[in-house]
1. Output the residues belonging to the range 196-218 that are in a loop (DSSP other than H, G, I, E, B), crowded, with 20+ Cβ neighbours inside 10 Å and either of a type in the set (Lys, Arg) or more than 11 Å from the ligand (Cβ to nearest atom) (or both).
2. Quick check, is Leu294 over 27 Å from Val246 (Cβ atoms), modelled with pLDDT of 75 or more and not β-branched (Val, Ile, Thr)?
3. What residue, among those in the range 95-150 that are surrounded by fewer than 24 Cβ atoms within 10 Å (Cβ to Cβ) and at positive phi, is nearest to the ligand (Cβ to nearest atom)?
4. Among Pro188, Pro231, which is the only one that is within 11 Å of the ligand (Cβ to nearest atom) and of a type outside the set (Gly, Ala, Ser)?
5. Mind listing whichever residues of the range 39-84 are over 19 Å from Ala3 (Cα atoms), charged (D, E, K, R) and within 12 Å of the ligand (Cβ to nearest atom)?
6. With the requirement that a residue be loosely packed, with under 15 Cβ neighbours inside 10 Å, out of contact with any Leu (no Cβ under 8 Å at 6 or more places or on another chain) and not aliphatic (A, V, I, L, M), what does the range 227-255 give you?
7. Please verify whether the range 276-294 includes one or more residues that are among the charged types (D, E, K, R), assigned to a loop (DSSP other than H, G, I, E, B) and under 27 Å from Asp99 (Cβ atoms).
8. Just for helices (runs of 4 or more DSSP H) wholly inside the range 1-100: which have at least 2 residues that are among the hydrophobic types (A, V, I, L, M, F, W, C) and either touching a strand residue (DSSP E or B) at 6+ places or on another chain (Cβ under 6 Å) or in the same structural domain as Arg131 (by TED's automatic domain parsing) (or both)?
Amino acid sequence: MLALITGASGFLGREVVAALTAAEPQLHLVALLRARDATELAARLAKLVEPLPERARSRVTAVRGDVAEPHLGMSASELTGLAARVDRALHVAATTSFDHPLEEARRINVGGTRGVLEFCRAVRARGGSGRLDYVGTAYVAGDRTDVAREDELETGQGFRNTYERSKLEAERLVRDAGRELPVVIMRPSIIVGDSRTGQTTSYKTIYWPMKVLVRFYGLWRPVVPRLVRLPVSPGCHLDVVPVDWVAGAIAKLFASEQAKGGCFHLAAGPRAPTIEHLVNVCCDHFGVARLRYLDPAGPIRFVGRAMRPILRAVAPRLERNGELMLAYTRQNPRFDVSQATAAGLIAPDVDEYFRRLVAFAFAEDFGRDNTR
Ligand SMILES: NC(=O)c1ccc[n+]([C@@H]2O[C@H](COP(=O)([O-])OP(=O)(O)OC[C@H]3O[C@@H](n4cnc5c(N)ncnc54)[C@H](OP(=O)(O)O)[C@@H]3O)[C@@H](O)[C@H]2O)c1
C-alpha cells in the first residue's frame, strides 16, 4: 500500500515515518516535502531516511510540493498522477508558530488541510480508499477550562493564538469531509522529547520557559530561587506527551479499521502533571531549592504590565515569547481520553521520563540556534 504523508520532515513527522515503516512492512510512503528543486528534494529525502533501518529506506520516496499552494504545489497532471498511485493520506504538516498573523496561519493550516482533502477525494474517485488520517491538536479546545471531550469541537471557546484558531477551522473541514471520506482525527496535547532518551529536535512549547527558568534561577543560586517567586499558577495542568509515544499511537490508529470516523486525544488526560510538578522535577534535577509562586492574577500583573514596554525595548523576543507562553500558565483545558483509552492508547506517566528530557535539553543548551 502507498500512502502520502505531509510534514514528514518535522519534529513529529520524522518519528511517525519511523514508527509507520517499522509497524507496517508492506507500507510505502510518499513524503510531500518543500524544496526549491530536485537536488534539494533529494537531499531532504536522504536526511529523512538516514535514521531508518536499511530495509525501510527504499520504502520512502518524496515528491516536491507545498500544502498551502493550489494542487499541493504540484502541476494538475502531477497531482492526478499521484492520486492514481496513492491509496490514502496522513496529514501532519502545519505551521506550529503561535504568532503568525491569522491569514498566514489559515493559509497553511486551513488551506493545507483543504488541499489534502481535495487530494483524498481525487484518490477516492480513482478507486483508492481516500482515507485521511489527520493530525490536529488537543488545543482546539482553546481557552476552555473544563474537560474537553473527543467528540466536541466548537463549544464557544476563545483562542489564545492564531495557531489554535486555525487548527480548529482545519479540523472542522476534516469533520465535514467525514460524510464522504473515511477520516481519523488525532489530537496530541503538548509533544515533548523521546521518553527513552530525552532527545528532541524541537525546542518550542515547554522548552522555552524551561530554558528561561534554568538560566534565571540557576544564575545566582541559592539566593534567587529562594527570593524570586514564579508568577504562574502552580496548580495549572500542562498536558505533555512524549514524541515516541505519540508517533506509536498514530501508527496504531493508522493501521486500525475501527478508528475510522473517530477522534482521539493523544494526551495524558487525567494524569496530566501540574506546572509545580514539572518545575519540581527541574529543581530536583539541578539541585535548586523548590520555587515559590506568586498569583499571576494578583498585584504582580501591574508590575508585569509596567515592565512590558521596557522588556519590549531591550529583549523583544523574550517579551513576545513570554506573552505567548504565559497564556498557558494560568488555566488550561483538561482532556478526556475515553476514545484513546478504548483504543489501547495510554500515555506514559511523566515521572517515568521527564527527568531525561530536562537532562537532554540542558546538555544540548536548549538547541542553541534552533531555539525558536
Ligand atoms: N509539537 C507539538 O507540541 C504539537 C502538539 C499537538 C499537535 N501538533 C501537530 O503535529 C503536527 C506536527 O507538528 P510538529 O511539532 O512536528 O511541527 P514542526 O516540527 O514545525 O513540523 C511542521 C512540518 O510541516 C511542514 N510544513 C509546514 N508548512 C508546510 C507547507 N506549506 N507545505 C508542506 N509542508 C509544510 C514542515 O515542513 P518544512 O520542513 O519544509 O518546514 C514540517 O515538516 C502539526 O499538525 C501540529 O499541529 C504538534
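1. Across the range 196-218, the qualifying residue is only Gly198.
2. Numbers: over 27 Å from Val246 (Cβ atoms): yes; modelled with pLDDT of 75 or more: yes; not β-branched (Val, Ile, Thr): yes.
Judged against the criteria, Leu294 is a match.
3. If we take residues in the range 95-150 being surrounded by fewer than 24 Cβ atoms within 10 Å (Cβ to Cβ) and at positive phi, then Gly142 is nearest to the ligand (Cβ to nearest atom).
4. Details: Pro231 fails: within 11 Å of the ligand (Cβ to nearest atom).
On inspection, the qualifying residue turns out to be Pro188.
5. Result: Glu40, Lys47, Glu69.
6. Gly235
7. no
8. Values: elements: 11-23, 38-49, 54-57, 76-85.
Result: 11-23, 38-49, 76-85.
The values are calculated or read from the model by the stated rules, or taken from the named source; none is laboratory data. Remember, predicted model here, so these are calculated numbers, not experimental data. Cβ: placed from backbone, ideal geometry, glycine included. Neighbour counts: every protein chain shown.
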